[in-house]
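Here's the structure we're looking at; comments come further down.
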Amino acid sequence: MDDLNKTSLIGVSGMKAQSERLRVVSENLANADSLPTSPDQQPYRRKVLTFRNVLDKQVGADVVKIAKVDVDRSEFQKKFDPKHPGADSDGYVLTPNVNPLIELMDMREAQRSYEANLNVVNVSKTMLTRTVDMLR
Amino acid sequence: MAINSIADAISAYSNAAKSLGTPAADSGSDTGAAGPSFASMLQDGAKAAIDSGKKSEEMSKQAITGKADIPDVVAAVSNAELTLQTVVAVRDKVVSAYNDILKMSF
């Protein structure tokens, strides 16, 4: 396979990984207010994902894949709300360990990485097209 | 004088063609047997273009039914487009070379 073709396939794998990352970010953001409905339940736990380099036999180079979508094991926050059905005897409700600011930064990072990979694909395509255009 | 030199040139040219005639024909048949013919080269190129075209259509079909990722579809379609462009460019180039040779006056 042509090196420039390989380049675009690797770039595409990066784009796919970043879109999955954005999906996890959107899950976290959307569930930032998912509270328990009874005192013995737990709120939404933030998800994190890890990337991994995988040797693609067909491409003959390392592409990026999602290794695992794991959960963030940090502590839940507490909010005083005695009227909530999920409140304990002291009137506190456990809230998800999601910080929207962190999620927004993660979203921006996923966007920038996606664009970087998109540029790689675009450049390799332009180089190939211009090489073929030499025949015209 | 001028007519003479033109006639001389033509006779020299035909002599050269005659002397080259037999070995040229031999070497021509040799290379024809050893290397791939123009037809088979075009056939291979067309096959590659058709294959990548089929792959891109398959990906497009999966994308419509929501089974494939958009980046994969875009990569397959642009790859098919580029393969077809390459085959067409090579064909045009070789055909124009053939035409140029055809237009030569012996």
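The values are calculated or read from the model by the stated rules, or taken from the named source; none is laboratory data. Note that the structure is predicted; figures quoted are calculated from it, not measured. Neighbour counts run over all protein chains shown; Cβ positions are idealised from the backbone, glycine included.
Below is a table of values for the structure above.
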quantity: Conditions (1) free of Cβ contacts under 8 Å to residues at least 40 places away in the same chain; (2) of a type in the set (K, R); (3) within 13 Å of another protein chain (Cβ to nearest Cβ): number failed by A:K125; calculated: (1)
quantity: Single residue of A:A61, A:A116, A:A87 found to be more than 22 Å from the chain's Cα centre (by Cα) and under 30 Å from B:Q85 (Cα atoms); calculated: A:A61
quantity: Matching entry among A:K16, A:K57 (being out of contact with any strand residue (DSSP E or B) (no Cβ under 6 Å at 6 or more places or on another chain) and surrounded by fewer than 12 Cβ atoms within 10 Å (Cβ to Cβ)); calculated: A:K57
quantity: Number of positions in the stretch B:47-65 that are within 14 Å of chain A (Cβ to nearest Cβ) and buried (at least 17 other Cβ atoms within 10 Å of the Cβ); calculated: 5
quantity: Single residue of A:D40, A:D81, A:D3 found to be more than 17 Å from the chain's Cα centre (by Cα), within 29 Å of A:M127 (Cα to Cα) and either within 14 Å of chain B (Cβ to nearest Cβ) or among the acidic types (D, E) (or both); calculated: A:D3
quantity: Selection within the stretch B:57-105 - in a loop (DSSP other than H, G, I, E, B) and either at pLDDT 90 or above or not polar (S, T, N, Q) (or both); calculated: B:G66, B:K67, B:A68, B:D69, B:M104
quantity: Candidate set from the stretch B:66-106 (those that are in contact (Cβ under 8 Å) with a residue 24 or more places away in the chain and small (G, A, S)); member that is farthest from the other protein chains (Cβ to nearest Cβ); calculated: B:A80
quantity: Which numbered condition A:V24 misses (of (1) part of a loop (DSSP other than H, G, I, E, B); (2) under 15 Å from the mean Cα position of the chain (by Cα)); calculated: (1)
quantity: Flag if A:N5 is at pLDDT below 95, buried (at least 16 other Cβ atoms within 10 Å of the Cβ) and either on the phi > 0 side of the Ramachandran plot or of a type outside the set (A, V, I, L, M, F, W, C) (or both); calculated: yes
